[in-house]
Each structure stands twice: as C-alpha cells, then as structure tokens.
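Undergrad: Handing you a structure now.
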Amino acid sequence: RKAVTIPALRAMKTRGEKIAMLTCYDASFAAQIEAADVDVALVGDSLGMVVQGRNSTLPVTLDDMAYHTRLVARGLSATLLVADLPYMSYRDTAHARDAAARLLGECGAAMLKLEGAGWVCEIIADLVAREAPVCAHLGLTPQAVHRLGGYRVQGREADAAECLCNDALAVQAAGAELLVLEAVPAALAARISQALQIPVIGIGAGVECDGQVLVLYDMLGITPGKRPKFSKDFLTDAGSVANALKAYVAAVRAAEFPGAEHVY
Ligand code: KIV
Ligand code: NA
C-alpha cells in the first residue's frame with residue numbers, strides 16, 4: 001500500500017474521494033487499522049476517557065500522548081499518523097514547539113492536532129513554519145468542556161455558525177493542512193467543507209465533509225456508558241474487528257456513513 005501523505009489527502013479532496021480516519025491507541029489496533037486501509041490514524045486525547053477511564057480529556061499529559069503515539073507508530077506503515085496535543089501543552093509557542101519535538105521528532109507522528117482558533121492560529125502558524133504540520137479541530141472541542149457546559153452540538157445559532165465559518169477560514173490561513181469538525185449541523189459542515197481548500201474531517205458533522213473520523217472504541221461498541229448520537233457500532237454486524245474496520249472504511253468511501261440518524 002502506498003503511504004498516505006498530507007498532499008495525498010489534499011488530492012483526495014480534489015478528486016472527491018472520502019477520507020477514512022479512526023482513533024488508535026496501541027500497536028495491535030494500529031496493525032488492524034493498517035490492514036483495513038484506513039487513511040489516517042489519530043492518537044486522540046480521547047484516550048483519557050476510553051483508555052484511562054477519566055470523565056474528560058483535560059488530565060491527559062504530553063507523556064501520555066508520547067507513550068501512546070510510540071505504540072501506534074510501531075503498528076503502522078502506510079497510514080498517516082496524527083497525534084493530539086493535550087490540554088495546555090500548546091499554551092504558548094515554546095511549549096507547542098517542545099511538544100512537536102516529542103511527538104513528531106521522537107514518537108513518529110506526522111501531524112499534530114490542536115483545538116480552537118483565535119490565539120491558537122498563532123501557535124498553528126509557528127508550528128507550520130517549523131515543519132510541524134497541523135490538523136485543526138473546531139466545533140465541539142472537548143478540551144473546552146467546562147466553558148461549553150457539556151458535550152453538545154455547536155454552531156446551531158446563526159451567529160455561532162458565522163463564527164465557526166470564520167474560525168475555519170482562519171485556521172486554514174494560519175497553515176493548518178486538515179480540519180476536524182466535531183458535532184456541528186450537517187448543513188454548516190457542508191458549507192465549511194466547500195469553502196475550504198484543506199480537507200475537512202467530520203465527526204457528527206454529516207456526510208458532506210471530505211472524510212469521517214470516529215473514536216475506535218465507539219465504532220467497536222465497547223465504550224462504556226452512552227454512545228454519542230453520531231457514532232455507530234460496526235462490530236455487531238461485521239462479526240470481527242477486522243471486518244468492522246473494513247465495513248467502516250467502505251461506508252465512509254461510499255458516503256453511506258454517517259446516515260441521517262447520526263447527524264444534527
Ligand atoms: O481525541 C479524539 O478522539 C478526537 C477525535 C474525536 C477527533 O479528537
Ligand atoms: Na482529541
């Protein structure tokens with residue numbers, strides 16, 4: 001399999017080919033993800049919740065991210081590896097550079113993901129100028145859970161939608177090469193995907209995004225507690241982890257996932 005690169009993702013968007021992305025936290029699942037032809041693996045700070053059993057992503061440390069990024073890198077070859085910068089690890093350019101040195105320089109990630117726009121645009125530009133590619137993350141940004149007051153859909157009101165569009169343009173202008181849009185109305189996500197040159201990967205953002213991402217344990221149906229509206233258990237019907245991953249990739253590529261029942 002040909003290595004997935006950042007320019008290759010941009011070319012997929014141009015050709016109208018959907019991008020399939022999943023989170024991953026260890027080498028065994030990384031090998032499964034690699035075998036299923038997933039384009040992008042994300043070591044998400046969601047590991048704080050699904051691996052560590054915490055009730056938010058805020059306690060996740062850069063050491064945690066470095067550990068899991070190393071594990072996942074050992075299981076991958078062609079799949080592009082993206083790692084989240086955890087809460088406060090990019091609070092200024094100096095910390096963000098140190099985090100990049102670890103996750104890209106030492107642990108094998110190819111790209112970093114940061115939540116937010118505004119002051120974060122300056123951090124994005126600084127990283128990109130130092131050859132640390134960036135994936136932005138807007139909409140429901142879990143590191144902002146206390147301000148947002150919970151994990152809920154974002155950008156419903158007209159002024160919030162306008163603000164989200166402007167933020168999306170701003171992170172692109174700052175040099176982000178990819179954007180994750182989480183829990184926003186499908187029509188708004190479609191508008192943003194069309195407005196941006198960079199690929200937009202949706203989670204709870206409708207089928208018209210340029211690609212989809214899910215938390216691995218959500219799509220395997222093993223996350224404890226309530227499953228988010230936008231996720232789907234692919235394991236029950238598929239019968240094995242390998243087949244569940246293949247079914248997810250096929251459903252994303254065919255624009256069959258997400259369906260109307262997974263969308264705001
Ligand atoms: O941490 C994570 O799993 C994420 C995805 C939900 C995009 O940021
Ligand atoms: Na995350």
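The values are calculated or read from the model by the stated rules, or taken from the named source; none is laboratory data. Predicted, not measured: the structure shown is a model, and the values here were computed from it. Heads up, the Cβs are rebuilt from the backbone with ideal geometry, glycines too, and the neighbour counts pull from every protein chain shown.
Undergrad: Here are Ala100, Ala31: which of them is more than 16 Å from ligand 2 (Cβ to nearest atom), closer than 26 Å to Trp119 by Cβ, in a helix (DSSP H, G or I) and more than 15 Å from the chain's Cα centre (by Cα)?
TA: Ala100
Undergrad: So, in the range 177-186, of the ones that are in a loop (DSSP other than H, G, I, E, B) and under 15 Å from Cys209 (Cβ atoms), which residue ends up nearest to ligand 1 (Cβ to nearest atom)?
TA: If we take residues in the range 177-186 being in a loop (DSSP other than H, G, I, E, B) and under 15 Å from Cys209 (Cβ atoms), then Ala183 is nearest to ligand 1 (Cβ to nearest atom).
Undergrad: Would the range 77-96 turn up any residue that is within 16 Å of ligand 1 (Cβ to nearest atom), at pLDDT 95 or above and part of a helix (DSSP H, G or I)?
TA: For the range 77-96, residues within 16 Å of ligand 1 (Cβ to nearest atom), at pLDDT 95 or above and part of a helix (DSSP H, G or I): absent.
Undergrad: Tell me whether the range 123-134 contains one or more residues that are part of a strand (DSSP E or B), within 14 Å of ligand 2 (Cβ to nearest atom) and touching a residue at least 24 places away in the same chain (Cβ under 8 Å).
TA: Checked against the condition, which is being part of a strand (DSSP E or B), within 14 Å of ligand 2 (Cβ to nearest atom) and touching a residue at least 24 places away in the same chain (Cβ under 8 Å), the range 123-134 yields at least one hit.
Undergrad: Which one of Arg54, Arg74 is basic (Lys, Arg) and within 16 Å of ligand 2 (Cβ to nearest atom)?
TA: Arg54
Undergrad: Restricting the range 34-47 to residues that are farther than 16 Å from Thr61 by Cα and assigned to a helix (DSSP H, G or I), which is nearest to ligand 1 (Cβ to nearest atom)?
TA: Looking at the filtered set, the residue picked out is Glu34.
So that you can scan it fast, the table gives a plain yes or no per residue for (1) modelled with pLDDT under 95; (2) assigned to a loop (DSSP other than H, G, I, E, B); (3) surrounded by 24 or more Cβ atoms within 10 Å (Cβ to Cβ); (4) out of contact with any strand residue (DSSP E or B) (no Cβ under 8 Å at 6 or more places or on another chain):
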| site | (1), (2), (3), (4) |
| --- | --- |
| Arg156 | no, yes, no, yes |
| Glu162 | no, no, no, yes |
| Leu169 | no, no, no, yes |
| Gln172 | no, no, no, no |
| Ser193 | no, no, no, no |
| Ile201 | no, no, yes, no |
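Undergrad: Would it be correct to say that Ala136 is crowded, with 16+ Cβ neighbours inside 10 Å, at positive phi, modelled with pLDDT of 95 or more and under 16 Å from the mean Cα position of the chain (by Cα)?
TA: It is false that Ala136 is crowded, with 16+ Cβ neighbours inside 10 Å, at positive phi, modelled with pLDDT of 95 or more and under 16 Å from the mean Cα position of the chain (by Cα).
Undergrad: So is Ala205 within 15 Å of ligand 2 (Cβ to nearest atom), more than 23 Å from Tyr25 (Cα to Cα), in contact with a helix residue (DSSP H, G or I) (Cβ under 8 Å, 6 or more places away or on another chain) and not charged (D, E, K, R) or not?
TA: yes
Undergrad: Additional query: Report the residue count in the range 1-28 for those that are within 16 Å of ligand 1 (Cβ to nearest atom) and not in a loop (DSSP other than H, G, I, E, B).
TA: 6
Undergrad: Looking only at the range 62-70, decide whether some residue is at pLDDT 95 or above, aliphatic (A, V, I, L, M) and within 13 Å of ligand 1 (Cβ to nearest atom).
TA: There is at least one residue in the range 62-70 that is at pLDDT 95 or above, aliphatic (A, V, I, L, M) and within 13 Å of ligand 1 (Cβ to nearest atom).
Undergrad: I've got another one for you. Filter the range 36-51 for residues that are within 16 Å of ligand 2 (Cβ to nearest atom), over 15 Å from Pro142 (Cα atoms) and either among the β-branched types (Val, Ile, Thr) or over 15 Å from the mean Cα position of the chain (by Cα) (or both) and give the result.
TA: Scanning the range 36-51 gives Val40, Val51.
Undergrad: State all residues of the range 97-110 that are surrounded by 23 or more Cβ atoms within 10 Å (Cβ to Cβ) and either among the charged types (D, E, K, R) or more than 19 Å from Pro59 (Cβ to Cβ) (or both); if no residue qualifies, say none.
TA: Across the range 97-110, the qualifying residues are Ala100, Ala109.
Undergrad: Next up: Name the residues in the range 103-122 that are within 16 Å of ligand 1 (Cβ to nearest atom), closer than 20 Å to Ala168 by Cβ and in a helix (DSSP H, G or I), would you?
TA: Val120 - this is the single residue of the range 103-122 that is within 16 Å of ligand 1 (Cβ to nearest atom), closer than 20 Å to Ala168 by Cβ and in a helix (DSSP H, G or I).
Undergrad: Can you tell me which residue is nearest to Gly53 (Cα to Cα) among those in the range 217-242 that are among the hydroxyl-bearing types (Ser, Thr, Tyr) and touching a Gly at 6+ places or on another chain (Cβ under 9 Å)?
TA: Only one residue fits best here, namely Ser231.
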